[in-house]
Amino acid sequence: MSATTLPANPTDAELRPGAEVVLRALKDQGVEVIFGYPGGAVLPIYDALFQQNAIRHILVRHEQAAVHAAEGYARSTGKVGVVLVTSGPGATNAVTGLVDALMDSIPIVCLTGQVPTHLIGNDAFQEADTTGITRPATKHNYLVKRSEDLAKVVHDAFYVARSGRPGPVVIDLPKDMLIKPAPYTEAPKPETPHRSYRPVTEPDPAAIREAVRMLKRSERPIIYAGGGVINSGPEASRLLAEFVHLTGMPCTNTLMGLGAFPASDPQFVGMLGMHGTYEANMCMWQCDVMLNVGARFDDRITGRLDAFSPNSRKIHADIDPSSINKNVKVDVPIVGDAGRVLAALLEAWRQDDTPVAKDAQVAWWRQIDQWRAIHCLAYKQDPAPSAIIKPQHAVKRLFEITRATGRDVIVSTEVGQHQMWAAQYIGFEKPNKWLTSGGLGTMGYGLPAAMGAQIANPDALCIDVAGEASILMNIQEMGTLAQYRLPVKAFILNNEYMGMVRQWQELLHGGRYSESYSDALPDFVRLAEAFHAKGLRATNLGELDGVIHEMLAHPGPVIADICVAKDENCFPMIPSGAAHNEMILGPDQEKNAAAVTDEGKVLV
Amino acid sequence: MSGMNTRTATIAVLVENEAGVLARVIGLFSGRGYNIESLTVAPVDEHGRLSRITIVTNGTDMVIEQIKAQLDRLVPVHKVSDLTLEGPHLTRELALVKVVGKGEHRVEALRLADAFRARVVDATTESFVFEMTGNAEKIDAFLGLMRPLGLAEVSRTGAVAIMRGRAALAV
């Protein structure tokens, strides 16, 4: 039955309670899993959920975690993640997750309960102005005030969440709308244009031709690819590799883009940005033509803006026109989907007869090899079995041992030093295997994100590389892991500090470690056991590999408490307010940090 | 950085006439630190489905381009047009101006109002309410003259604008 065949006055038989209509619309949108937490305002939906089998509900322990879990689900599958929370505190708890998804362009549909329409504005119990609060926290939001809009709004929300630059969408559902009988409306056909939101996905051929000519003449090119390539789907990553190989250019990925290009590829120069590799940042600094595909010149990438890649002409392909010329003025703007842009670039490259500046590019690669020879990620691990574990070494061994298993590995992180070490020392060969909070930098993201990924990928090895401070922000999700028997592994680099805060205090604030020590930590082994999981601990190098093997061998959830060096800093580092060529490389050069200005401190 | 000179832009935005759309536009300006000099909004089609928002703002070229791109990606926004860039356009504002006074001042106010083509829409023995339309500069000039003559209250609509000629902003 389509919307157009609905009689003007549907008979009672064609009307179903609003909650059922919502679930039917979700099912028609292909939803299989909802992450949620019940409460008064959404009880009708929970009642409808109880009476069906098509959609599985995962009961989280906190609404923020529901959104992060949906993000992990979405990021690891390319599907839209779905969240269901109640009114008031349920909705406000979800806000951090929503902003996280907004910043990292993750498609989420979040259903929030609301007090009945006649009570809206009366300061009713568990009432919050959810659409008001989430307006700047979402890509779009809706308040349903008429039953006949219910199904239509759900379909619209999915379209908005996944189209163009993806993002989170909230649907606020007053309780009376969930009870009152409502008609069902089919989803509009894909070819029906949306009334107002029609993002451009096909790039302008003239801009593509100009980009190709610029790249062919380039003597020192760099391809800088971000999360947009991953959002476009696996085909975009394949096309990126094809383009990089066809052109022979070096490629770097942003934090969000890791996995878009294979880390083991000889043309990969590593991640760029504040804690990126020396070679990637020097490529950005020295290049003459830069091709940015699906990244947004974030301040963590550019460093000091007026010194960013000073001598290059820049090509920027992005599906969001507002990302172009926002921070960095570019020479060739291309609005379009990353996959379509890469396909068009490939075709134009093959057709264009501009000679490629080959000799110069050979010299460019020689230069890059010299930068690589610095081995910016080298660290010194004392080989004695009783030695203190370096956090970098713990991550490196985790990577090597998990890679040797041949299993499908998905890694999430919390936020801080451990996140950067994971980005530096774990090599991603494919997209959708790396889940991290890039834009918002949300501590507490990793455990629920790994949980969501594990739901979507039951056979994958899902690991949360965590810090002891971050993981405590959503540690309650250990309960969810136990309930659904999700074998997520939490790999905690425990240095008893909020490590990144401590590092900045050491480098920028005279070593005054104000409130950054993780005092009174729980015993993570016993904490794991209290949550029906396995707890493991490595206190020295001799125990590290054994703990990793044991963690991987255990069929259920595990917390591995890896006690690492407490004073280790994350390098390389571009200090705030510095340019790419002012990178600090390692402990011996730390004195350079004295050059950080007050302006730099302001930049966080 | 290029384009550091600021300019004023009059931007017309056609939006779905739905709850919260104005809050989205205003929230975008406050959230991203853009200026609003004036903002007007009203439904403009016969079914009341579309509203037109006219925003006068200022900023560098880069900021104004950002404002337009940010407006355009709001889901209920149909069209964004920078009238300042797109050629000749008309800008008008309506003002209701109350002047209170007696004697010479009252006569002078009435005389100046006539010169500015302001209409008297309310009168008592001690007051006038003038209605006038024009661009912002004309209204500013009129208010400047009324100030010493007993200007008591002003209500202004903010600018509405439209392109000259055949070209039309429509869905």
Could you tell me whether chain A comes out rounded, prolate or oblate from its Cα gyration tensor? Rule is a ≥ b ≥ c as square roots of the eigenvalues, rounded for a/c under 1.5, then prolate if a/b exceeds b/c, otherwise oblate.
oblate
What three numbers, in Å, describe the spread of the alpha carbons of the range B:7-82 along their principal axes, ordered from the longest?
37, 19, 18
Interchain or sequence-distant (5+) residues whose placed amide H lies within less than 5 Å of the amide H of residue A:389 are A:541, A:565
Taking all pairs of distinct alpha-carbon atoms in the range A:280-392, Kirkwood radius in angstrom
17.1 Å
Provide a whole-number value for the mean count of partner chain Cβ atoms within 10 Å of the Cβ atoms in peptide A:320-327.
5
Using only Cα atoms, tell me the angle between helix B:21-31 and the longest principal axis of chain B; keep it within 0 to 90° and round to the nearest 10.
90 degrees
For the range A:42-134, restrict the atom set to alpha-carbon positions and state the Rg and Dmax in Å.
13.7, 41
Hand me the GluC sites (Glu not before Pro) from the range B:21-124 located in a DSSP loop with no more than 10 other Cβ atoms within 10 Å, in residue order please.
B:46
If unit charges are put on Cβ atoms (+1 for Lys and Arg, -1 for Asp and Glu) and the dipole of chain A is taken about its Cα centre, the option from A:466, A:370, A:410 lying farthest towards the positive end turns out to be A:370
I'd like the orientation of helix A:338-351 relative to chain A: the angle between its Cα long axis and the longest Cα principal axis, in ° from 0 to 90, rounded to 10.
50 degrees
Peptide ranges A:265-272, A:380-387, A:287-294, A:449-456 listed from the most packed, as the mean C-beta count within 10 angstrom indicates:
A:449-456, A:287-294, A:265-272, A:380-387
Positive end of the dipole of chain A, charges at C-beta (+1 Lys, Arg; -1 Asp, Glu), about the Cα centre: which of A:23, A:95, A:570 has its Cα farthest in that direction?
A:23
Need one number: nm distance between label points at residue A:553 and residue A:351, each 7 Å from Cα along Cα→Cβ, rounded to one decimal.
5.9 nm
Solvent-accessible heavy-atom area per residue, rounded to whole Å², over chain B at 1.4 Å
53 Å²
Nearest 10 degrees, 0 to 90: what angle lies between the long axis of helix B:104-115 and the longest principal axis of chain B (Cα atoms)?
40 degrees
Karplus-derived 3J(HN,Hα), 6.51/-1.76/1.60, for each residue of the range A:239-247, Hz, glycine and proline x
5, 4, 4, 4, 5, 4, 5, 4, 8
Considering every residue in B:20-26, what mean count of other chain Cβ atoms within 10 Å of its Cβ is obtained?
2
Listed pairs A:79/A:314; A:329/A:433; A:433/A:534; A:27/A:139 exceeding 29 Å between Cα atoms:
A:79/A:314; A:329/A:433
Just to confirm my numbers, what's the Cα centroid distance between the range A:487-507 and the range A:165-189 in Å?
41 Å
Using only the alpha carbon atoms of the range A:371-464, find the Kirkwood hydrodynamic radius as the inverse mean reciprocal pair distance, in angstroms to one decimal.
14.5 Å
May I ask which residue of A:52, A:250, A:33 lies farthest towards the positive end of the charge dipole of the protein assembly as shown, with charges of +1 (Lys, Arg) and -1 (Asp, Glu) on Cβ and the Cα centre as origin?
A:250
Kindly compute the accessible surface that chains A and B hide from a 1.4 Å probe when together, both sides summed, and give it to the nearest 100 Å².
1500 Å²
Hey, what do the phi angles of the range A:553-560 turn into as Karplus ³J(HN,Hα) couplings, whole Hz, using 6.51/-1.76/1.60 and θ = phi - 60°, x for Gly and Pro?
6, 6, x, x, x, 9, 10, 9
Along Cα→Cβ, 7 Å out, is where each label goes; now give me the distance between the ones at residue A:331 and residue B:154 in nm to one decimal.
4.9 nm
Please work out the FRET efficiency for the pair residue A:484 and residue A:47, using the Cβ-Cβ distance as r and a Förster radius of 30 Å; give the result to the nearest 0.05.
0.90
Given bins 5 angstrom wide, list per bin the percent of all Cα-Cα distances in chain B, short to long.
1, 8, 16, 17, 14, 13, 11, 10, 7, 3, 1, 0
Taking θ = phi - 60°, what integer Hz values does the Karplus form 6.51 cos²θ - 1.76 cosθ + 1.60 yield along the range A:107-122, in sequence order, with x for Gly and Pro?
x, 9, 10, 10, 8, 10, x, 9, 5, x, 3, 6, 9, 4, x, 9
Subtracting the Cα-Cα distance from 0.36 nm times the residue separation, let me have the gained length for residue B:26 to residue B:125 in nm, one decimal.
31.5 nm
For residue A:410, the residues 5 or more places away or on another chain with a placed amide H closer than 5 Å to its own amide H are A:461, A:462, A:463
Which percent of the accessible area of the protein assembly as shown is formed by carbon and sulfur heavy atoms (probe 1.4 angstrom)?
53 percent
With each pseudo-label sitting 7 Å past Cα toward Cβ, what's the residue A:125-residue B:162 distance in nm, one decimal?
5.5 nm
Compactness summary of the range B:89-160: radius of gyration and Dmax from Cα atoms, Å, are 11.6, 41
Working out 0.36 nm times the residue gap between residue B:46 and residue B:79, then minus their Cα-Cα distance, what length gain in nm do you get to one decimal?
10.1 nm
Counting sequence-distant residues (5 or more places) and residues on other chains, those with an amide H built under 5 Å from that of residue A:84 are A:35, A:36, A:37, A:111
What net charge is computed for the residues neighbouring residue A:176, neighbours being all others with C-beta under 14 Å from the C-beta of residue A:176, Lys and Arg scored +1, Asp and Glu -1?
0
Quick calc, chain A, dipole around Cα centre from Cβ unit charges on Lys, Arg (+) and Asp, Glu (-), nearest 20 debye, gives 760 debye
For the range A:190-237, report the accessible area per residue in Å² (1.4 Å probe, heavy atoms, rounded to an integer).
46 Å²
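The values are calculated or read from the model by the stated rules, or taken from the named source; none is laboratory data. Since the structure is predicted, the reported quantities are computational estimates derived from the model, not experimental observations. For neighbour counting, all protein chains shown are included, and Cβ atoms are generated from backbone atoms with ideal geometry for every residue, glycine included. Side chains are part of the model used for accessible areas, which takes the heavy atoms of the whole protein and leaves out ligands, DNA and RNA. Shrake-Rupley method; radii C 1.70, N 1.55, O 1.52, S 1.80 Å.
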